[in-house]
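The values are calculated or read from the model by the stated rules, or taken from the named source; none is laboratory data. Everything quoted here is computed from the prediction, not taken from an experiment. Backbone-built Cβ (ideal geometry, glycine too); neighbour counts: all protein chains shown.
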Amino acid sequence: MNQSSAAPIEAVRASFAQEQLWFLDQLSSGGSAYNIMLSWGLTGEVRADLLRESIAAVVARHDALRMTFHDGNGTPRVVAAEADSVHVGLPVIDLRSLDPTSRQQWLSDEVNRRQNQRFNLTVGPLFFFELIQLTEDEFFFLECFHHSILDGWSSSIVNDDLSRFYNAVVEGKQMLPQSSDPTYIDFITNQRARLTPNVLAEELSFWTERLKGLAPLQLPTERSRALAAASNDAVAQPGDTFVRAMDRTAYTAVKKSAAEGGTSTLAVIGAALSVVLSRYSTSTDIPIGIPMLGRIDAEWEGVVGMFINMTVLRSHPNPELTFAELREQVMESLFELMDHQEAPFSMVVEQVAPARAANQNPLFQVSLQVLDASSAGQTLTLTGVDVEFIPPRSDTSRFDVSLNLFDSGEDIQVSAEYSTHLFDEWRIMGLLGHLEEVIRQGATNPTMRLSSLAMVPTDEATELVAAGRGPRTSRINLDAALPDARDLPLAVVDAQGNLTPRGIPGEVVLGLSPWTDEVADQIATTGSVTCVPTRPTGLHAVWGRDMDLQPVTSGEPPHTAAVARTGPSEPESGIDSRAPRDSAVQEDVAQAFTDVLEVTHLGPDDNFFDAGGSSLRAMRVISRVNKKLGIKLSVRTMYADPTIRAVAAAATEALNASDRTASSVQ
């Protein structure tokens, strides 16, 4: 599936969303974190020839699917090839000769291989399709796109068109593919014309005020973030995906709460998630990443392309609020996000200049989106074929945790993508259980204060109470500190007396006497020890995965640390952009730094990002250095050590390597 070199129909500066994804692709050297994979089980008579013809018609219709990216001196430009110059293939792989076990293993390996296939944004095409025949009438259909040309809403458009074209031919009707009107090129032109510097400045002013003083969310983890940072990609972390249906009672509660409050499903789930994250982090300032559709005008609803822009929902689940009040607060914040969704996220990050830590997404660490079938790509229908959507999985994670919920109108499927460097699956399973419990409690008791809202489900609470009443060996680590209380029951609770779940630190409290079964049931049912007399110990602990009690030195979550941000250092005496450098290379690099940062003084060891640099500015620096010196440094160089001295050393090494290659050729 190679795109020919036919003349492009247009070459324009990429959209804001495309710019950010292009930069991330450069940073990760063509990683697969931003692949969108859709997979389907097909049963029936599948016409591979007609499916291929229909795919070609879809590609011809939507210019974004024919786009490639090119470096315009540090600024990406997109090229949409002529429709007839793009070869669209549909490989058909026949596995009918394999036994069922071998067939399933081959299929699993192929899906994993395809999921991790890297697209070359310069060459294209930035999609592929594959049909795998399993039996006489069973097939597996794969679609994969790079996110720079398609978002969730667009995937639904693609599959609607694919269904329409295929079904028309199968049913003997004439298929009349035509280009979409307007096109994604039209959107880019419109966006660039609308979002003038003055308009962007106004939008960024809103976000600067909205996110002022926001600190990184510190969640308990299995492993240190610092250790994870040492081995992770700059864009994505090793990850996994946990998929399951939302509990039926929780689903019913979501709909009930949204109807009673006159809010959206997203507002209810966002409010509940902020409560959970607040309990996990002991903070009442909770940021959650929310992807906005970006199609602010109806004319773009039928256009395929990358429209999504990340925004930040900032909520304050203070304990004295009721769930109804928090739900309303979140809904009002979502309205604000809708009104200010066009400010490019990369610009917001640059403007807000948040505290940064290695391997930690700026401004938010947990994202949430709620989609329905019309915006999630689950719209494929083929005449004479039973179609089953197979939820995607990923072995990378762009954020610490991404919760993607798909509301079919009958149930909600939850897909939780998470960093395996930070979390084990049991903790993510626990988070979903706690989210569902808060949803249930909030719907049942909307006027109850958050401080009294149970987060731990009854079955887990029963385990926690049993462990607290259990043999001394279950809490042996505390015996030295509490030698006079070995026979008394204990619990680990938060500041409001609510039981903390496994993996979440809290304070140890002791019952004043052994708990009867009736008392234990009461604590488990309410999820709180406020119903019984207890005394605090001043000690902090956490229940481990296997219900072993582990002391912690404070109430802070384990494996987290405050992130300090320091400004650029004062220029070293006699060292600035105008002074002699150790080498001509260092002087060229220094010039690129100061030109892009628009400063006159910068020391050779000053941090580029602390001096006002951003991801897009880093790309501009590297582009200038490469052009000036005739080399090809990766933008990753700016993240390994973002100083003039380090980048100059890397540039010198690249020049030396080029000289050695030239010498060997001669």
Give me the residue from region 86-102 that is surrounded by 12 or more Cβ atoms within 10 Å (Cβ to Cβ), of a type outside the set (Val, Ile, Thr) and at pLDDT 95 or above and, out of that set, farthest from residue 66 (Cα to Cα). 98
Search region 444-468 for residues being among the β-branched types (Val, Ile, Thr) and in a loop (DSSP other than H, G, I, E, B), and hand back the single one that is surrounded by the fewest Cβ atoms within 10 Å (Cβ to Cβ). 447
For region 428-442, what are the residues that are farther than 20 Å from residue 258 by Cβ and out of contact with any Gly (no Cβ under 9 Å at 6 or more places or on another chain)? 428, 429, 431, 433
Only one of these is in contact with a Gly (Cβ under 7 Å, 6 or more places away or on another chain) and surrounded by fewer than 20 Cβ atoms within 10 Å (Cβ to Cβ): 120, 73. Name it. 120
Restricting the search to region 73-110, which residues are touching a Phe, Trp or Tyr at 6+ places or on another chain (Cβ under 8 Å) and in a helix (DSSP H, G or I)? 107
For region 115-132, indicate whether the set of residues that are of a type in the set (A, V, I, L, M), outside any helix (DSSP H, G or I), in the same structural domain as residue 28 (by TED's automatic domain parsing) and in contact with an Asp or Glu (Cβ under 8 Å, 6 or more places away or on another chain) is non-empty. yes
Is it the case that region 176-199 has a residue that's in a loop (DSSP other than H, G, I, E, B), within 25 Å of the chain's Cα centre (by Cα) and polar (S, T, N, Q)? no
Residues within region 31-53 that are buried (at least 16 other Cβ atoms within 10 Å of the Cβ) and either out of contact with any Asp or Glu (no Cβ under 8 Å at 6 or more places or on another chain) or not polar (S, T, N, Q) (or both), tallied: 16
Exclusive hit being within 30 Å of residue 218 (Cβ to Cβ) and either of a type in the set (A, V, I, L, M, F, W, C) or in contact with a Gly (Cβ under 9 Å, 6 or more places away or on another chain) (or both), set 511, 503, 497: 503
Tell me, yes or no, whether region 432-443 has at least one residue that is assigned by TED's automatic domain parsing to the domain that holds residue 326 and surrounded by fewer than 17 Cβ atoms within 10 Å (Cβ to Cβ). no
For residue 29: the one exception among (1) more than 16 Å from residue 166 (Cβ to Cβ); (2) in a loop (DSSP other than H, G, I, E, B); (3) at pLDDT 95 or above: (3)
Number of positions in region 292-321 that are surrounded by fewer than 18 Cβ atoms within 10 Å (Cβ to Cβ) and not in a loop (DSSP other than H, G, I, E, B): 2
Search region 57-71 for residues that are touching a residue at least 40 places away in the same chain (Cβ under 8 Å) and in the same structural domain as residue 85 (by TED's automatic domain parsing) and pair each with any residue that is crowded, with 24+ Cβ neighbours inside 10 Å and of a type in the set (Lys, Arg) when their beta-carbon atoms are under 7 Å apart and the residues are at least 6 apart or on different chains. 59/66
Among (1) part of a helix (DSSP H, G or I); (2) at pLDDT 85 or above; (3) surrounded by fewer than 22 Cβ atoms within 10 Å (Cβ to Cβ), the one test that residue 592 misses: (3)
For region 602-618, which positions are at pLDDT 80 or above and in contact with a helix residue (DSSP H, G or I) (Cβ under 8 Å, 6 or more places away or on another chain)? 602, 603, 604, 605, 606, 608, 611
In region 261-307, anything over 27 Å from residue 500 (Cα atoms) and among the acidic types (Asp, Glu) is listed as 297, 299, 301
Of the listed residues (621, 585), the one being at pLDDT 70 or above, under 30 Å from residue 344 (Cβ atoms) and either surrounded by fewer than 16 Cβ atoms within 10 Å (Cβ to Cβ) or not polar (S, T, N, Q) (or both) is 621
All but one of (1) surrounded by 17 or more Cβ atoms within 10 Å (Cβ to Cβ); (2) modelled with pLDDT of 90 or more hold for residue 516; state the number of the condition that does not hold. (1)
For region 173-204, how many residues meet the condition of being hydroxyl-bearing (Ser, Thr, Tyr) and either surrounded by 17 or more Cβ atoms within 10 Å (Cβ to Cβ) or in contact with a strand residue (DSSP E or B) (Cβ under 9 Å, 6 or more places away or on another chain) (or both)? 4
Per-region count, region 265-291, residues assigned to a helix (DSSP H, G or I) and of a type outside the set (Lys, Arg): 16
Condition first: part of a loop (DSSP other than H, G, I, E, B) and crowded, with 20+ Cβ neighbours inside 10 Å. Can you find one or more residues in region 157-172 that meet it? no
Before we move on, is residue 508 at pLDDT 90 or above and of a type outside the set (Phe, Trp, Tyr)? yes
By residue number, the members of region 134-144 that are out of contact with any helix residue (DSSP H, G or I) (no Cβ under 7 Å at 6 or more places or on another chain) and over 10 Å from residue 41 (Cα atoms) are 135, 136, 137, 143
